[in-house]
Amino acid sequence: MAAARAAPPAESAAYLKGLNPEQREAVLHTEGPLLVLAGAGTGKTRVLTSRLAHIIATRLAFPSQTLTVTFTNKAAREMRERALHILGEAGEGLRWLGTFHSISAQILRRHAELVGLKSSFTILDTDDQVRLCKQIVQAENLDPKRWAPRYLAGLIDGWKNRALTPDKVPPEEAQLFGNGKGIQCYEIYQARLKVLNACDFGDLLIHNITIFQQNPDLLKEFHAKFRYILVDEYQDTNVAQYLWLRLLAQGSKNICCVGDDDQSIYGWRGAEVDNILRFEKDFPGAKVVRLERNYRSTQHILAAASGVIAHNKGRLGKTLYVGADSASADDPDAFKVKVRGLWDGEAESRLIADDIESWVRAGGRHDHCAVLVRASWQMRAFEERFILLGIPYRVIGGPRFFERAEIRDAMAYLRLVRSPDDDLAFERVVNEPKRGVGDSTLAKLQAFARQDGRSLFALAPMVLQTDEVKGPAKRGLTIFIDQINMWRAKLEGGMPHTELAEAILEESGYTDMLQKDRSPQAQGRLDNLKELVRAMGEFDTLAGFLEHVELVMDVAAGGAGEDQVQILTLHAAKGLEWPVVFLPGWEEEVFPSKRSLDENGLKGLEEERRLAYVGITRARERAYISFVANRQIYGRWQAVLPSRFVDELPHEHVDAVSETGYSGMPGAENAFVGTVEDLGDRSDYQSPGWRRLKENAAKPSGAPPKDPGGLTATASGPDSFPVGARIFHDKFGYGRVAFTEGNKLTVDFDKTGRKKVIATFVQPA
């Protein structure tokens, strides 16, 4: 066999050359459990691949006696290619190198009969799962509008991620679906899968665990088979994956897990950071090797990221530093992390676009730059700015903002209200959300419209007076036509177009449809619709907004190429890197996410902080963090506070500048401070919020100021609020002034504690 050839001396092996001492230690430690804590940019893939090659090259195991588990097919392919490059023919037989699901599927094919399946079982995709759940909902006489099949599929998937078979689901969780029928529906789902000789992705691991637990002799065979186990991205494992690995590792105990507890950011899809945190408890005597030498970023970037993540309590601890042989080592011209405070989102997008253009003029490329956002709704402002300036860009991990399904649906409603003869808009939303107007009904309408030469909307009332359309389709089409006519009347009656959009989304049932959708994507889709309504507020009329979007889409559809700025979410950025990274929207309730804090408390906050760490460490040369003083939500301006993560950045590694006078960052607790004087007389600054403050400043001292976006603004300076004065703030309620500093007030609020606020946005109580 190829692996039986004479092994080269370990110390002189080519795959060990160039490894630093910590990497080398991780590769050569081959007996007993090993945890490699690999920080961002520290060469973890090289370590894992070199370790696999070392085990095979030194004949500690044949390739078929090693089990290497990754999370993605891409990572598995890369590792296989690297290992084969090192080993050559000796690497033949790496059969057990792949994802959790692919390897567990191999095992299940061999032993399917032990869980009541045939080896020819099929694996259902997400659409198949939802269809099966729909059948169950119907059979149980549940209302699919209230108890969405997609939600049931997600619920079952979540239970399987936690390794919970129907008999192990906590009874109280049965209430999560169908008025207490959650577990019952799960049991029916599993029974139906057996009849179909099928399983879903969660079953692949669940069935493996069941087989191992119920057949100890078979498990011993796998213990003998897998002499070495290697696991990538261990911090992302869920409970089922953890249990699967624990069972297989009970044999030789030669398990090596590589991961970074500081990059565990997928809790929302079942990942358990505790899996990596308790490795030493699970495997007594385990060796821990920390890879802290970074070969990607400058010391300022690494120190900034380390400063933030150090505030997490649930971590094993490590501090990244620049490796002596790194390209960025001892760079006297290295940029500090730039932290910028802007007045609003428009100013933020404009500044980032300017920075990108400056980078390109200096000889850089567009694809050297990435904009990493916390939520997809933040992308719109940057997309529109880039289109306006002709900056090429692409959205990674999803469509452009105006190409998203929910945005296209909302736009179709608006187009149809403005122009009822828009057949394309009619076809898109006549059954979205579902009204019983299926494809056959629509085909009839289209045929009649072609014969009569009328639009679908004009023809529909005539068809409804006949027997051509009956039952649910007739009721649904009638409601749809009546609603469009009602919304048209509201528009013609002078209803503001932003209010009209909100009414359409609410009264059509579209918002309700998304609220009942419990998939991880549903909240993001709702946020995108909120951003759409906010964007409409920048235009005086619906016609003006629609024309703007049409032009944007037309320009965006133009040339594409490789040299493009990349826009993506922080979650999608993990594992990637760029010379220049922009991190906008570092404000409380945006980042960290309010939803994450509300649902998961301290655990959610620590995951959000890990997300900040991931974002900063994507940058090789320059990192720009920005936050704003005002966000417009549903057409109303709201004062927002800088993210707590801004205050956690270490002073000595940050350059902080602000157009609005934020003087306490980072490290202090000062809130964002904004004055007209800070902005100067910038004629190019056209923010609506800035214009209102400018108008207020120009008024006589006794004139009441305008409300900057729904918050009560007073013309009073800080002298109007002496220490001890009682005040009221729209967001924090009543409080008493503790300190004053310029137009910043430190206030002890009755219900929310001590806060730093802007004097402009409070009033006497």
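The values are calculated or read from the model by the stated rules, or taken from the named source; none is laboratory data. In this text the structure is predicted, and so the values were computed from the model without any measurement. When we count neighbours, we look across all protein chains shown, and the Cβ atoms used for this are built from the backbone with ideal geometry, even at glycine. Note: accessible area is taken over every heavy atom of the protein model, side chains too, but ligands, DNA and RNA are not part of it. Shrake-Rupley method; radii C 1.70, N 1.55, O 1.52, S 1.80 Å.
Side notes on the structure shown:
- Boolean, GLU502 is under 30 Å from GLY154 (Cα atoms), surrounded by 15 or more Cβ atoms within 10 Å (Cβ to Cβ) and under 28 Å from the mean Cα position of the chain (by Cα): yes
- Test: residue in segment 167-180 that is open to solvent by less than 10 Å² (accessible area, probe 1.4 Å), touching a residue at least 40 places away in the same chain (Cβ under 8 Å) and assigned to a loop (DSSP other than H, G, I, E, B): yes
- Residues considered: LEU164, LEU193, LEU204, LEU152. Of these, the only one that is buried (at least 18 other Cβ atoms within 10 Å of the Cβ) and without any contact (Cβ under 8 Å) to a residue 12 or more places away in the chain is LEU164.
- Among residues of segment 239-257, those that are touching a Lys or Arg at 6+ places or on another chain (Cβ under 7 Å) and under 25 Å from ALA40 (Cβ atoms), counted: 1
- Subset of segment 522-565 (residues that are assigned to a loop (DSSP other than H, G, I, E, B), out of contact with any Pro (no Cβ under 8 Å at 6 or more places or on another chain) and at pLDDT 80 or above): GLY537, PHE539, ASP540, THR541
- Some residue of segment 462-481 being assigned to a helix (DSSP H, G or I), of a type in the set (Asp, Glu) and surrounded by fewer than 17 Cβ atoms within 10 Å (Cβ to Cβ): no
- For segment 111-148, a residue qualifies if it is among the small types (Gly, Ala, Ser), open to solvent by 70 Å² or more (accessible area, probe 1.4 Å) and touching a residue at least 24 places away in the same chain (Cβ under 8 Å), and the qualifying residues are SER120, ALA139.
- Residue within segment 123-137 that is within 20 Å of TRP244 (Cβ to Cβ), outside any helix (DSSP H, G or I), touching a Leu at 6+ places or on another chain (Cβ under 8 Å) and among the β-branched types (Val, Ile, Thr) present: yes
- Search result, residues across segment 138-166 that are under 29 Å from ASN275 (Cβ atoms) and part of a loop (DSSP other than H, G, I, E, B): ARG162, ALA163, LEU164, THR165
- Of all residues in segment 360-380, those that are surrounded by 19 or more Cβ atoms within 10 Å (Cβ to Cβ) and either in a helix (DSSP H, G or I) or at positive phi (or both) total 7.
- Just one of the listed residues (LEU372, LEU416) is under 28 Å from SER508 (Cα atoms) and among the aliphatic types (A, V, I, L, M), namely LEU416.
- Those helices (runs of 4 or more DSSP H) lying entirely in segment 11-121 with at least 1 residues among the β-branched types (Val, Ile, Thr), closer than 30 Å to LYS160 by Cα and touching a Leu at 6+ places or on another chain (Cβ under 9 Å): 100-111
- Check on ILE107, touching a residue at least 12 places away in the same chain (Cβ under 8 Å), among the hydrophobic types (A, V, I, L, M, F, W, C) and open to solvent by 10 Å² or more (accessible area, probe 1.4 Å): no
- Residue within segment 624-639 that is more than 18 Å from GLU587 (Cβ to Cβ), open to solvent by less than 10 Å² (accessible area, probe 1.4 Å), touching a helix residue (DSSP H, G or I) at 6+ places or on another chain (Cβ under 7 Å) and polar (S, T, N, Q) present: no
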